Each structure stands twice: as C-alpha cells, then as structure tokens.
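Take a look at the structure set out below.
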Amino acid sequence: MPNIGELSLTSVAEFDFRLLIKALGKGEKGSRSLSFAEASLLIQGFAQAKVTPVQMASAMMLMRVRGETVAEVAGVVAGLRHCIDTGWSQLSVEIDWPVYAGKREQLPWLLLVAKLLANNGVRVLLHGDSQALPHRRHVESCIDSLDIVRCKDPLTAKSELDRSGIVYVRAGDLTPVLDACRQLHQELGLRSLIQTAMRCINPANAPLSLRSYFHPGIDKIHQGVSQILFEQHSYQPGVVAVFKGLQGETELNPRVETSISIVNGLQSHIAMTTVDIPTLLTAFSGAKVGQAELSEQALALLWREVTPFDSNAIKALMSCSMIEQALSSVQATLMAILFLLHYKSEDYGSNLTVEQLEKLSLQHWSARLLVTDKADLMVNKEWLCAV
C-alpha cells in the first residue's frame, strides 16, 4: 500500500480535509505524520467549521496513538496564531505566562511573583484553561484574591495592562477553537497535541515566553516547536524558557534543582543554553499536608504580611512548613524570572550568579509593598540587579 505523499494544499475553503485524515490513518505502512503546513491548515479548518468534530477528533486520536511530531505541534501552534484576533498581538507585554496545568493540592504561588513583577513595571499576560483539568487548583480560581483581572478581549486587556501591568485571559477568549478542542479531548478521554500547542501561542508576542511541562520528553517538543516557529518567523524575536514545573504548572519546585532550557530566537541562527536554579528546600517533608483545603486568601495574606511566620492570620490557615514551601516556591520562580529578564536585557547573556539571584529575589520580595510610581517604572538593569 503506497504512502500518501505531500499534498497540494489550497485555501481552507477549498481543501478536502478527508485527505489529511487518510494520510494519518491509511494503515500501518501507508500512513504518515502531517507536515507543518498540513497541521496548520487542519486547525484553521476546524476553527472555520470546514473540518467536522468527527474529523478533528479522528486526527487528534491518530496523532496521539502514533505520537505527535514536533512539526505537527508547531504547525498547530502556527495555525492557532492565525485564528487569534490580531488585537492580542498588538498588546505591549513583557512576559507570556501560560498557566494550563493547575496544581493538585497547592495554591498557585506563581501569582505572587507575577504580581510583584507587574508592580515593578514588567507587563505580564497570564493565559490558561481552568476547565481542562477541573479537579486541579487553577490560577483563574485565585486571581481575585490578588486583584488580578480576567480580560475577555484585547481592548479591555490593554486598559488593564496600562492600569495594573497584569491580566489573565482564558484560552477560549483568545480563540473559541481551543474550547472546541478541549471538549473533544475530554470526550475522548485522551491527551492531545492541543494541550501542548495552546501553551505555545504567545498571543501578545512577548519577548520572554515561559513553557512548563511534567511528562518526560515534552521539554524536547517545546524546544523543537520554539526553534521551528522562530525559523518560520511565526514568532517575533525573543526568548522561550522551558522547565519542569511544580506539578506541571509554570512555577519552579524549590525541592529540586530545576534546569531551564533557553531557546534564543534573536538571530537567524537559533541558539540554546541552560541555567540551573538550585534546590532551596533540602530534606523538606510534609509540604502537601492540608493544602488541598487551603483558601486562596492565603495568597493575599502572604502578599501583605511583612513577617508571615509571626502573622496570626496566616498561621490560622497555614503551618510553618506550608509557609516555607510557599515562600521558597516564590523565591525559586522569581530567581528564574530575574535571570531570564537579565539574560534578555544583556543582549541574550547574563553574568548573574546563583548567589546574586538568591539575594536579589529576597530583596525584591521584601520590597514588594514599597509604594512606587508605575508611570516612571521601566524594565531596566537597575531594577533587575538592585532594589
């Protein structure tokens, strides 16, 4: 049985999408993976209702069974970026922060880091889908406690970014096709390449974009996708940072050393480098006990209490080990972001040592409640390297 070779692609309106399903599913010897262009056309076709739900579900399952290729994931990302309102790409954002995993027990301590950065002039766009894994603690369920606003459209997002420096956006508000895809893979009961692709959209073309993963091998997919999209000029020049997140979420785990892979997309030759954030909690135990019932108000208390271990309000909610876990997660994540911002501002290099990062992260966290004039704040070396 012959393979179905490269297809002549036409517009979404004219293409026969059955050919892509046939290419994926024509037997053990006749089937093949999709090319970058084919995968991009597939998701655009589904967004425009030219691909039926049955066809899309079949394609997702066939790719899942065989194992999605980097080109397929990258093509879907490129296609999704074509489906997004162009208003999102016109926002001025410094950090693209996808938050899709949620956490099994703990609160999303990363929000404290994001709010700190926003208060210091670093504009942050958080985006996620709290319905994808509804049994987890998602960022969206906690944003109100820190006065972070969910925005549904680019115009509202721009206004809120100008006011507070940070917004949260649901994936389905970026493009409805993501909601449709989520409903399909929930109905199938299978993970799909959409769950990886949606993390890679970077809707506002931020120069620093974060990627977290949990399962082994996903890091290589994220690195490969970033490289392809930089080379295809789908991404604007910038940096993509890939790391294993705490329970898969885009937050560092202070109980282990975290290696961050940095994809440098500034020049035509894509460069790769790594930085390691060390373990901050050695031989730490009992961190998870009781955290499943922890109120999101703990986030607000940790933000405003200068000495949390002496705060009766916090101790009424959290044990000392929980407080230590939370603050260590904040410190580790902030260390990583400070390194990445400095790396980018220094023309894609950084000479900050781990000791300097530890000191800077503690200084910035301690100074979080200082009153500043946001109109005068800039992301610059002075803020990155000193308080």
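Couple of notes before you dig in:
- Flag if residue 311 is within 24 Å of the chain's Cα centre (by Cα) and surrounded by 15 or more Cβ atoms within 10 Å (Cβ to Cβ): no
Residue-wise test of (1) touching a helix residue (DSSP H, G or I) at 6+ places or on another chain (Cβ under 7 Å); (2) assigned to a strand (DSSP E or B); (3) over 29 Å from residue 303 (Cα atoms); (4) assigned by TED's automatic domain parsing to the domain that holds residue 261.
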site	(1), (2), (3), (4)
161	no, no, no, yes
173	no, no, no, yes
190	yes, no, yes, yes
194	yes, no, yes, yes
197	yes, no, yes, yes
209	no, yes, no, yes
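- Looking only at residues of the range 133-159 that are in a strand (DSSP E or B) and free of Cβ contacts under 8 Å to residues at least 24 places away in the same chain, we find that the one that is farthest from residue 194 (Cα to Cα) is 149.
- Residue that is outside any loop (DSSP other than H, G, I, E, B), assigned by TED's automatic domain parsing to the domain that holds residue 195 and buried (at least 21 other Cβ atoms within 10 Å of the Cβ), where the choices are 78, 114: 114
One line per residue, one yes/no per condition, for (1) in the same structural domain as residue 111 (by TED's automatic domain parsing); (2) among the hydroxyl-bearing types (Ser, Thr, Tyr); (3) more than 29 Å from residue 359 (Cβ to Cβ):
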{"position": "236", "(1), (2), (3)": "yes, no, yes"}
{"position": "239", "(1), (2), (3)": "yes, no, no"}
{"position": "274", "(1), (2), (3)": "yes, yes, no"}
{"position": "296", "(1), (2), (3)": "no, no, yes"}
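- Flag if residue 42 is free of Cβ contacts under 8 Å to residues at least 40 places away in the same chain, more than 14 Å from residue 200 (Cβ to Cβ), part of a helix (DSSP H, G or I) and not assigned by TED's automatic domain parsing to the domain that holds residue 207: yes
- Qualifying residue in the range 124-132 (condition: surrounded by fewer than 24 Cβ atoms within 10 Å (Cβ to Cβ) and touching a Ser or Thr at 6+ places or on another chain (Cβ under 7 Å)): yes
- Summed over the range 2-58, the residues that are in contact with a Phe, Trp or Tyr (Cβ under 7 Å, 6 or more places away or on another chain), closer than 17 Å to residue 180 by Cβ and surrounded by fewer than 17 Cβ atoms within 10 Å (Cβ to Cβ) give a count of 0.
The values are calculated or read from the model by the stated rules, or taken from the named source; none is laboratory data. Everything quoted here is computed from the prediction, not taken from an experiment. All Cβ positions, even for glycine, are placed from backbone atoms using ideal geometry, and neighbour counts span all protein chains on display.
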